[in-house]
Amino acid sequence: MKRILFIAPASFPVTGAENIVNIKLLQALSKSGDFEIDLVSKKSKWENYPSESISTYAVNLESLNVVEVDNRINVRTCVGHLLAFFYFGVTFKGAHWAVKALPVVKKLFSQNKYDYVLTKDSPSLLLGYYLRKKKGLKWVATWNDPYPESKYPKPYGKGWQCRNSFSDSRLIKMMKNWVDIHIFPSNRIQTYMNHYLCLSSDKMIVVPHVVLDQKQTLSTPSCDILKIIHSGNLKYPRNPLLLIKSLDLFMKEHPGFKMEVTFMGVLDDEMYDLIIQYGLTDIIKIISPVPYKDSLLLLSQYHLAIVIEASCEEGIFLPTKVSDFMQCHKHIWAISPKIGVLNDLYNSGKIAYYSDNADFDSVYKELCRVCEDFRAGILDRSVSLVENYTEKYVVDKYRNL
């Protein structure tokens, strides 16, 4: 039995992609029965705090500690950022949450014997650093995205080669010198971040986002209508234009083909204009976001799920929705950079369809293949789980840390 201090500001309540990744990992670790977990999280200021218990998500915790801070600029937050510099040697936007959480973390450490502290999204690394340096506790850090944020690839950030600010230099030094084990969701983000972290291989492991071993309540899609869904954020720099153009051309060339394409989530206003401009209001539906657990049930009603990524020189991200689509046993179509994680998954046979997100012909030809496979009944078949995304694989990795 391992005891973990799990520090994840974005975990509970479940309000976004990072929260989903973390709550699913908590579910998997909790379900195994091999971990005792104390969770330190942050109360969201932008969502209504859910009335349900965390047990709704099948997570059994030793304790749940939700720390709330005021993000408005005032005397209290300014003092919090000054204290962050005093305690941790660095301060940045949001660092005052770590100051507010520090007494909670210190109390938990004094009351329990932990095998390691597991830090997730920022600013949890400040607390991992404190426990490693001051208390000698083993520190395991997860990087689902490049950190510091300035190191994001273009167009999200400045790229890993960018000049470091004072704060970034301090954070990178902290990451290099004090983290015992770094966890990355893909080989590509590991390689990307190691350009500036310069870590030895024994300090890094790759653990994909977990796919939970649970059967969803499946609905059978209408047999004569191809049903496709894109769920999640589709705002800039993600761009659905090539998909919209491909749908327009396909329907002009195959006017009798029955298809329904649903976009669920946060969209740019231009998306609505594109649908009208290309005359696709009959086949494209837009629905508002739904609670995470409901979204999984909704996914089961579709034949195919689409992932659209931004145009980057290299696609280093493993989108959260990929593991959700796998969990629902859905066929996946990735429209993403030709050099990247999702193309790697396609080339290794782990997802079924792929298009270069900078090439119209690539998108259109794959749409045609999707439609041909639908006619052949291939999309009616359930997709098997990928071994290194399963609960067993992921839990074993954390068990062996």
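Values in this text are rule-based calculations from the coordinates and carry no lab data. As the structure is a prediction and not an experimental result, all values here were calculated from the model. Cβ placement follows ideal geometry from the backbone for every residue including glycine, while neighbour counts extend to all protein chains displayed.
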task = Output ³J(HN,Hα) for region 73-82: one whole-Hz value per residue in order, computed from phi by the Karplus curve 6.51 cos²θ - 1.76 cosθ + 1.60 with θ = phi - 60°, and x for Gly and Pro.
result = 7, 8, 4, 5, 5, 5, 5, x, 6, 5
inquiry  = Check which residues have an amide H placed less than 5 Å from H331's amide H, if you skip close sequence neighbours.
reply    = A305
request  = Just list whichever of K2/K321; K203/K330; K2/K120 have alpha carbons separated by over 23 Å in the model shown.
outcome  = K2/K321; K203/K330
query = Tilt of helix 124-135 relative to the longest C-alpha principal axis of the chain, in degrees (0 to 90, nearest 10)?
reply = 30 degrees
Top of I172, I351, I23 by mean-square fluctuation, Gaussian network on the chain, Cα under 10 Å = I172
ask   = Taking a ≥ b ≥ c as the square roots of the eigenvalues of the Cα gyration tensor of region 258-322, is the shape rounded (a/c under 1.5), prolate (a/b larger than b/c) or oblate?
value = oblate
ask   = How far apart, in nm, are the 7 Å Cα→Cβ label points at K258 and S32?
value = 4.6 nm
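Which entries of K31/K135; K93/K235; K151/K173 show an alpha-carbon separation above 18 angstrom in the structure shown?
Listed pairs above 18 Å: K31/K135; K93/K235.
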note = Taking a crude spin-label model, label points 7 Å out from Cα along the C-beta direction, the D180 to D294 distance in nm is 4.3 nm
ask   = What distance in nm separates the simple spin-label points at L401 and N164, each placed 7 Å from Cα in the Cβ direction?
value = 2.4 nm
request  = Please report, to two decimal places, log10 I(q)/I(0) for region 203-275 at q = 0.17, 0.23, 0.24, 0.27 Å⁻¹ as given by the Debye formula with identical point scatterers on the Cα atoms and no solvent.
outcome  = -0.89, -1.13, -1.16, -1.27
query = Using alpha-carbon pairs under 8 Å, 6+ residues apart, how would you state the relative contact order of the chain in percent?
reply = 14 percent
query = Quick one: helix 187-197 against the long Cα principal axis of the chain, what's the angle to the nearest 10°, folded into 0 to 90?
reply = 40 degrees
message = Looking at the chain, I'd like the Rg to Rh ratio, where Rg is from alpha-carbon atoms and Rh is Kirkwood's inverse mean 1/r.
response = 0.98
ask   = Per residue of the chain, what 222 nm ellipticity follows from adding -39500 (n - 2.57) for every DSSP H run with n ≥ 4, rounded to the nearest 500?
value = -11500 deg cm²/dmol
ask   = In sequence order, what are the phi-derived ³J(HN,Hα) couplings for region 17-29 according to the Karplus relation 6.51 cos²θ - 1.76 cosθ + 1.60 with θ = phi - 60°, rounded to whole Hz, with x for glycine and proline?
value = 4, 5, 4, 5, 4, 6, 5, 5, 5, 4, 4, 5, 5
inquiry  = Which residue fluctuates most in the GNM of the chain (Cα springs below 10 Å): V363, V206, V266?
reply    = V266
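Take the Cα radius of gyration of region 226-380 and divide it by 2.2 N^0.38 Å, with N its residue count; two decimals is plenty.
Computed over Cα atoms of region 226-380, the ratio equals 0.96.
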request  = Using a cut-off of 12 Å between beta-carbons, work out the net charge of the residues near I339 (Lys and Arg +1, Asp and Glu -1, I339 not included).
outcome  = -3
message = What does the charge count around S165 come to, taking other residues whose C-beta lies under 14 Å from its C-beta (Lys +1, Arg +1, Asp -1, Glu -1)?
response = +4
Leading residue at positive end of dipole, region 226-380 (Cβ point charges), from N343, Y302, P255 = Y302
query = Counting pairs of alpha carbon atoms under 8 Å apart in space and at least six apart in sequence, what relative contact order in percent does region 198-333 give?
reply = 36 percent
ask   = Pick from F250, F263, F184: which is most flexible by mean-square fluctuation in a GNM of the chain where alpha carbon atoms under 10 Å apart are linked?
value = F250
